[in-house]
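Undergrad: One structure, pasted below without further comment.
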Amino acid sequence: MKRKNDKLELILLGVGILLLLLLFVVKRRLDAPEETATAESRTETMEGKKQEETIQNMEQENAAFLNSKKEEQKETTAAGPVQIRVLLTDCGKLGYAQKQVSLRGNASLSMNDGAYIASPQETICVTEQECGEVVHVVPADETAGTAVSLTGKPEDETVYPGSFVIYKSEEGLLVVNELDLEMYLRYVVPSEMPSSYEKEALKAQAVCARSYAYNQTQGLSYPEYNAHVDDSTSFQVYGNSKEQESAVRAVDETRGQKLWYQNQVVTAYYYSTSCGKTTGIEAWGTTPDEQNQYLQSVEICKEDGNSYEAELPWYRWKAVVPERELSNLIELNTATEIGTLQNVSVTKRGAGGVALQIVAQGDGGSVTVDTENKIRRALGGKGYQIEKQDGTVVDSQNLLPSAFFQIEKSEGNYIINGGGYGHGIGMSQNGANEMAKCGKTYIEILQLFYQGVTVE
């Protein structure tokens, strides 16, 4: 009896073990989808993390690239003095090509690597007939100054630092002045801003001028003469004023400092006087992008809300132009026949209220003019007067004072009420001076007019 019971117990034990094994297998199968899903979820999470890491790496690489470009620019400057080559035009009074050129150095002058040495104060005269293809003139001391006359007449002399290259072209002789950028700025700053202005305003001007000039040295505006700029208002006025102690200090105290935005040196535009607001780059027909966002419309106001420039003569101005006179000017300036002017309307405005488009309708046709410069030219020209808000009256010039204006017809005249003087993009020089009078530093001034920049 005992053996039979033992057998039965063994059988029951085996069945129990089988049942347990079966239950274990079923549970594994039921749990498998959940485990698979968890694995898939983990895979997705890992892929997401990899994507995030990739994006972060790309951003870091991009930032590193921009920083490297910035450092590259800084290293270029640090490697030695930046040289600038200026095509001389006597500040725009003369054309590029001349019949003869004379040079008289305060130090001795070496022509063509010593082929001829001119003693100090000895005049060298170069004519079209005598000039070879290129003449190099290098003073023994490039800071001593050389009196250059583009006409050959002594009364037309202007003193320049640096060395000179005279090119012979079909039109005549062209003179390029090569000099250190910092030395160049000593003559630009007092030519662009009165040396009597506040110290902080002059320092702001120096940084603007340096930033603008530095960018010009990265390419050649006159590749045929290896020149970066000329000396006129087309770039920056150079040589219209002698060195001034206040301007020299402003240049020296900001030495090497430029305006940076998005790891690039900015092109720091500036002008005379605002109407209380600046405008953006679209005023020139340029599409705003990530690189020019520093040029935005800003209000130039004190803490009490009043404009810094409210008391300046050009803050507001007025012109009364006879119908016939404005008709003629518009036809001449736009090369479009419109007959007698019937109406002028501003059909599009930009940031700050600047006129971006006008339509002039005459009894013989109409013309549409876009961008602030072309609008100012269309309505500008000799033949009428402009009254500034202080009561002083000046003759009209080739350009209307600014594109911040309203225009209406009244009793056979067109009345133009405007504000400011210049294009309105970037820094108002008179605004900078008024801010400096109120205790603002040159960095505060610059960071108002150029949004988001650093001064380095």
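No lab work stands behind these numbers, since they all come straight from the coordinates. Given the structure is predicted, the values throughout are model-derived calculations rather than measurements. Neighbour counts are summed over all protein chains in view; Cβ atoms, including those assigned to glycine, are modelled from backbone coordinates with ideal geometry.
Undergrad: Dipole magnitude of the stretch 132-291 about its Cα centre, charges +1 at Lys/Arg Cβ and -1 at Asp/Glu Cβ only, in debye to the nearest 20?
TA: 480
Undergrad: Something else now. When you count, for each residue, the other Cβ atoms within 10 Å and take the mean per peptide, how do 296-306, 331-341 rank with the highest first?
TA: 331-341, 296-306
Undergrad: So, one more: Please work out, to two decimal places, the log10 of the ratio I(q)/I(0) at q = 0.14, 0.19 Å⁻¹ from a Debye calculation in which every Cα of the stretch 83-179 carries one identical scatterer.
TA: -0.43, -0.82
Undergrad: Efficiency by 1/(1 + (r/R0)^6): what FRET value for ASP113 and GLU224, r their Cβ-Cβ distance, R0 = 25 Å, to the nearest 0.05?
TA: 0.65
Undergrad: What is the fewest-to-most order of THR217, THR158 by other Cβ atoms lying within 10 Å of their Cβ?
TA: Fewest-to-most ranking of THR217, THR158: THR217, THR158.
Undergrad: Also, I was wondering about something else. Mind checking the full-extension length gain between THR340 and THR286? Use 0.36 nm per residue of separation minus the Cα-Cα distance, one decimal, nm.
TA: 16.2 nm
Undergrad: Grab the Cα-Cα distance for VAL393 and CYS438, subtract it from 0.36 nm times how many residues apart they are, and report the gain in nm with one decimal.
TA: Gain in length upon complete extension: 13.3 nm.
Undergrad: Please compute the contact order of the stretch 313-418 in relative form: average sequence separation of alpha-carbon pairs under 8 Å and at least six residues apart, divided by the residue count, as a percent.
TA: 33
Undergrad: Separate question: Hey, what did the stretch 83-179 get for relative contact order, percent, Cα under 8 Å, at least 6 apart?
TA: Computed over the stretch 83-179, the figure is 35 percent.
Undergrad: Sticking with the crude label model, points 7 Å out along Cα→Cβ, report the distance from ASN306 to SER196 in nm, one decimal please.
TA: Going by the 7 Å Cα→Cβ label model, 2.3 nm.
Undergrad: Where does each of ILE443, ILE415, ILE386, ILE117 land when they are ranked from fewest to most other beta-carbon atoms within 10 angstrom?
TA: Neighbour counts put them in this order, fewest first: ILE117, ILE415, ILE443, ILE386.
Undergrad: Suppose we look only past 22 Å in the calculated P(r) of the stretch 266-357. What percent of the Cα-Cα pairs does that tail hold?
TA: Of all Cα-Cα distances in the stretch 266-357, 48 percent exceed 22 Å.
Undergrad: Another one. Using Cα pairs closer than 8 Å and at least 6 residues apart in sequence, work out the relative contact order for the stretch 280-367, in percent.
TA: Computed over the stretch 280-367, the figure is 24 percent.
Undergrad: Can you classify the stretch 313-418 as rounded, prolate or oblate using the Cα gyration tensor, where a ≥ b ≥ c are the square roots of its eigenvalues, rounded means a/c under 1.5, and otherwise it's prolate if a/b beats b/c and oblate if not?
TA: It is oblate, given that a/c is not under 1.5 and a/b is not larger than b/c.
Undergrad: Still on this model: Which residues' amide hydrogens lie under 5 Å from the amide hydrogen of SER297, considering only partners 5 or more residues apart or on another chain, with H built in the peptide plane?
TA: Distant-sequence amide H within range of SER297: GLY280.
Undergrad: Can you give the extra length, in nm with one decimal, that the chain gains between GLU245 and ARG349 once fully stretched, where that is 0.36 nm per residue apart less the Cα-Cα distance?
TA: Length gained between GLU245 and ARG349: 33.2 nm.
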